[in-house]
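Okay, structure first, notes after.
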Amino acid sequence: MILPLLAAFQLAAASPAVPATAGPLVVKDATRSLTVQLVPGDSGPLLRAEQLRPVVPLTVSHLTGNRWLLIVNGTAIEVEEGIRFAKVGDQTYQLASAPEVRKGRLYVPLQLVAEIVPRLAVNLAWDPERFELRAFSTGSRFAAREAAAARPSGPLRSGPPADEAPAPRDSRGLASGPPIASSAAPVGPLRSRKLVVVDAGHGGPDAGMHGPLGDGPAVREKDITLAVARRVGAALGERGIDVKYTRTTDTLIALSDRGRIANDAHADLFVSIHVNAANPGWKNPGGARGFETYFLAEAKTEDARRVEQMENEVVKFEAGPSAHAGDPLSFILNDMAQNEHLREANELAELIQRRMAAVHPGTNRGVKQAGFRVLVTAYMPAVLVEIGFGTNPAEAAYLTDPARMAELSSAISDGVLEYLKRYERRVSTVAGPVAGSGQR
């Protein structure tokens with residue numbers, strides 16, 4: 001809950017920078033412009049958050065109960081229906097009016113878009129005279145300076161100082177600020193909306209791998225996977241793909257529940273992010289590095305079985321009915337529909353692996369197969385991406401560098417987009433109308 005956190009913060013009583021009634025809102029960048037209609041709320045105008053796309057890289061996810069999560073350029077903003085506060089990391093902001101949910105859609109106060117979001121996303125600026133939210137390309141230093149100059153100088157109701165410093169890092173070396181923007185995908189837009197579930201491996205009491213072996217700041221798999229998963233989701237949003245996360249905080253989600261989250265959402269694809277660890281019995285475990293992508297099938301090599309066992313060990317942290325019992329892999333491999341998804345997942349893994357190879361400095365360890373429990377219950381093409389070895393000091397530093405995380409996330413997202421485009425072409429050729437690759 002957001003409300004109990006408020007005692008830890010002193011909130012300023014500044015007046016909103018937007019009028020009580022206004023509209024419509026214009027959202028634009030160098031090539032596009034869209035109009036967003038405002039609707040009246042109890043204490044000021046509201047807008048449907050999803051309408052900011054495609055100009056603003058934004059994803060909206062329903063968490064649990066009344067809690068929702070917006071991710072803008074990789075920055076997570078948590079809001080709660082009926083509560084006039086937003087939470088960003090360990091900082092709380094007062095809102096002019098409470099978010100509302102209407103017909104399953106999240107509506108947020110205009111003040112959130114006009115005052116708070118431009119302070120968090122370095123490439124967005126609010127122009128009060130034109131009543132516009134403007135997006136700048138962060139690939140240009142000049143554009144970044146323009147966005148900073150256009151940013152309002154008045155105080156927020158609560159939050160960080162007006163001047164934006166480089167993305168800070170926490171005690172584990174992870175970036176706590178917005179990532180560096182990634183380049184656009186070299187593939188055209190999709191013809192229909194698709195939904196991808198992005199899964200950050202491990203969480204809560206299950207920290208996953210610890211590294212590195214030797215010198216370097218300590219890293220934990222669960223922290224890296226969450227940071228990268230958010231960036232993958234933001235990059236997919238930039239490409240016009242809807243995103244749902246299995247977790248957005250440091251919490252444990254049962255392996256069997258992660259795939260079920262994707263099934264319940266009728267997702268088209270499931271992508272699970274993980275960090276590899278060297279076998280201590282190897283000749284030089286600290287020197288092992290590289291990236292690999294798995295799809296669900298029986299492991300064929302000793303190393304694939306090692307990774308399978310390592311990633312499946314999370315079940316020891318699970319309790320109750322969520323923990324998966326028995327051996328579901330044999331059943332699923334005999335199911336014809338699931339086998340079709342496995343063939344599709346093989347192609348998805350190949351495309352993601354190929355895209356990562358263009359940016360990752362480590363060894364290309366190829367596409368592999370293994371019986372990961374996290375993939376078993378996802379009835380759609382599903383892959384598990386090992387983005388590098390956290391046990392390797394150089395690779396641990398690479399995986400916690402904000403620019404490299406954004407670059408790698410962009411590559412993964414490009415692979416996803418390329419697969420979806422190919423699938424659309426196959427379906428349109430065979431059946432005419434375009435259908436989703438999952439259950440949508």
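The values are calculated or read from the model by the stated rules, or taken from the named source; none is laboratory data. Every value quoted in this text rests on a predicted model; they were computed, and no experiment measured them. Neighbour counts are summed over all protein chains in view; Cβ atoms, including those assigned to glycine, are modelled from backbone coordinates with ideal geometry. When the accessible area is computed, the model is the full protein with side chains, heavy atoms only, and any ligands, DNA or RNA have been set aside. Shrake-Rupley method; radii C 1.70, N 1.55, O 1.52, S 1.80 Å.
Per-structure values
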read-out	value
Of all residues in region 111-157 being β-branched (Val, Ile, Thr) and modelled with pLDDT of 80 or more, the one that is nearest to Ala406 (Cα to Cα)	Val117
Subset of region 259-304 that is within 24 Å of Leu399 (Cα to Cα), of a type in the set (D, E, K, R) and open to solvent by 50 Å² or more (accessible area, probe 1.4 Å) - its residue that is modelled with the highest pLDDT	Arg289
Residue match in region 355-368 (condition: at pLDDT below 90 and either open to solvent by 10 Å² or more (accessible area, probe 1.4 Å) or in a helix (DSSP H, G or I) (or both))	yes
Residue within region 79-99 that is at pLDDT below 80 and more than 21 Å from Gly237 (Cβ to Cβ) present	yes
Per-region count, region 40-86, residues touching a residue at least 24 places away in the same chain (Cβ under 8 Å), hydroxyl-bearing (Ser, Thr, Tyr) and closer than 23 Å to Thr251 by Cβ	3
Test for Glu350: is it open to solvent by 50 Å² or more (accessible area, probe 1.4 Å), within 19 Å of the chain's Cα centre (by Cα) and modelled with pLDDT under 95	no
Checking Val26 against (1) part of a loop (DSSP other than H, G, I, E, B); (2) open to solvent by 20 Å² or more (accessible area, probe 1.4 Å); (3) among the aliphatic types (A, V, I, L, M), the condition it does not meet	(1)
Elements of type strands (runs of 3 or more DSSP E) contained in region 62-138, each with 1 or more residues being buried (at least 19 other Cβ atoms within 10 Å of the Cβ) and under 22 Å from the mean Cα position of the chain (by Cα)	67-72, 75-80, 85-88, 91-94, 105-109, 124-127, 132-135
Subset of region 375-417 that is surrounded by fewer than 24 Cβ atoms within 10 Å (Cβ to Cβ) and among the polar types (S, T, N, Q) - its residue that is farthest from Ala349 (Cα to Cα)	Thr400
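Residues checked against (1) farther than 23 Å from Ser61 by Cα; (2) modelled with pLDDT of 85 or more:
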{"site": "Pro4", "(1), (2)": "no, no"}
{"site": "Ala8", "(1), (2)": "yes, no"}
{"site": "Ala12", "(1), (2)": "yes, no"}
{"site": "Asp42", "(1), (2)": "yes, no"}
{"site": "Arg48", "(1), (2)": "no, yes"}
